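Just so it is clear, none of the values below were taken in a lab; they were calculated from the coordinates. Being a predicted model, the structure only gives us computed values, none of them experimental. Because the Cβ atoms are built from the backbone with ideal geometry, glycine has one as well, and the counts that use them run over all protein chains shown.
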Amino acid sequence: MTFLLPEMLWLLALLPAVALAYVLLLRRRKKLVAQFSNLALVRDAIGPRASLRRHLPPLLFFIGLAAALLAAARPAASLRLPYAYDTVILTLDISRSMAADDVKPTRLAATQAAVRGFIAGQPRHTRIGLVAFASTAAVVQTPTTDAESVLAALDQLQLQNSTAIGTAVLVSLGAIFPERQFDLYRNSRGARALLAERDRAAVEESAPKPVAPGSYKSAVIVLLSDGSATTGVHPIEAARIAAETGVRIFTVGVGTPNGRVTLPNGAEIRVVPDEETLKEMAAITKGDYFYAGSAPDLTQIYSRLAQNLSAEKKSQEISALFAAIAALLFLCGATLSAVRARI
């Protein structure tokens, strides 16, 4: 918990003074009671339980005062609030290594099953798009609220050669922003530095201004891969382009260190996900990285992603809650005092 006005916390120093004043008041009352000739008779009349109950109203007032003073400092807490992205782009690796059976029955089949569950868990108004990548990347289903169309496109995926992770990111961004062109030279700061001086000014002027990473709240990319990029745009450079648009990328690495695939020429190679690159892509865009070494892992990850994308973590001021607690405690204390007075 944080405080928007932490300088007001000094008011809590009043609490010890209030407690001390109450103790002094009790001592004064004891001196007055001592004037009775038969103290035992007074104790018997009050009783031990009644003696404890008489401290309850002041205790409620004391706790209520503490809550009120905390409310004055405007406390805030990080809460998960309901939220739904307008568009989710599912970007899937369909390179031939996805045929490896270390994730049963195969990496691709396990991914398709997990993605089906993810699609089923999305709100009806969420537009879901599907991008597949191997030697290049393509939008196999434009963002739509028709889940059946997305599922049909998912079932039609066919394995191909190579892995173009960076290109897949740019194609995914194009699906989110169809009115914009995403190419390395037009969008990347690093690549713009390579342009001739006479061309750079025109490119800088035409390119949209970068925004804070993770600040775009209408769309998100969920990218899964089981290997390293072998062609196309460099994944990190593509992630920087995504960061400039504010779009988050959640990355999923699938496969075990023992995953192997047989090439058309009969050779067998070991294929493992490039976790370091996937982690960095997620970090650059303010997303998260997940690792799946089995089919249950994939199901759990996409289930967690469905929940994460439907709730947003925000810092919310909760001073009203503390004020309400203080008012309730004051009311209870006043009510108990009034009841005791009648008795």
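Select from 152, 138, 125 the residue farthest towards the positive end of the dipole of the stretch 84-309; place +1 on Cβ of Lys and Arg, -1 on Cβ of Asp and Glu, and compute about the Cα centre.
Value computed over the given set: 125.
With each pseudo-label sitting 7 Å past Cα toward Cβ, what's the residue 125-residue 324 distance in nm, one decimal?
The modelled label-to-label distance comes out at 2.5 nm.
For residue 101 and residue 267, what is the calculated FRET efficiency with R₀ set at 25 Å and r taken between the beta-carbons, to the nearest 0.05?
E(calc), rounded to 0.05, equals 0.90.
Treat the count of other C-beta atoms within 10 Å as a stand-in for reagent exposure and order 15, 108, 263 from fewest to most.
Placing the least packed residue first, the sequence is 263, 15, 108.
For 248, 180, 74, what ranking results if the residue with the fewest other Cβ atoms within 10 Å of its Cβ goes first?
180, 74, 248
Which loop trypsin sites (Lys or Arg not before Pro) in the stretch 54-115, with loop taken from DSSP, have no more than 14 other Cβ atoms within 10 angstrom of their Cβ?
Here the trypsin sites (Lys or Arg not before Pro) that fit, given the DSSP loop and packing criteria, are 54.
Once you have the Cα-Cα distance between residue 149 and residue 339, take 0.36 nm times their residue separation minus that, and quote the gain in nm to one decimal.
Gain in length upon complete extension: 61.6 nm.
When a/c reaches 1.5 or more, the comparison of a/b and b/c decides; with that in mind, is the stretch 84-309 rounded, prolate or oblate per its Cα gyration tensor?
On the way: a/c = 1.90, a/b = 1.33, b/c = 1.43.
Judged from the Cα gyration tensor, the stretch 84-309 comes out oblate (a/c at least 1.5, b/c at or above a/b).
Among 88, 271, rank each residue by its count of other Cβ atoms within 10 Å, from fewest to most, as a rough exposure measure.
Taking fewest neighbouring Cβ atoms as first place, the list is 271, 88.
Let me make sure I get this right: for the stretch 222-343, a, b and c are the square roots of the gyration tensor eigenvalues over alpha carbons, sorted descending. Under 1.5 in a/c it's rounded, otherwise prolate if a/b > b/c, else oblate. Which is it?
In terms of gyration-tensor shape, prolate.
Specify whether the C-alpha gyration tensor of the stretch 131-184 places it in the rounded, prolate or oblate class, a ≥ b ≥ c being the square roots of the eigenvalues: rounded for a/c under 1.5, otherwise prolate if a/b is larger than b/c and oblate if not.
Oblate.
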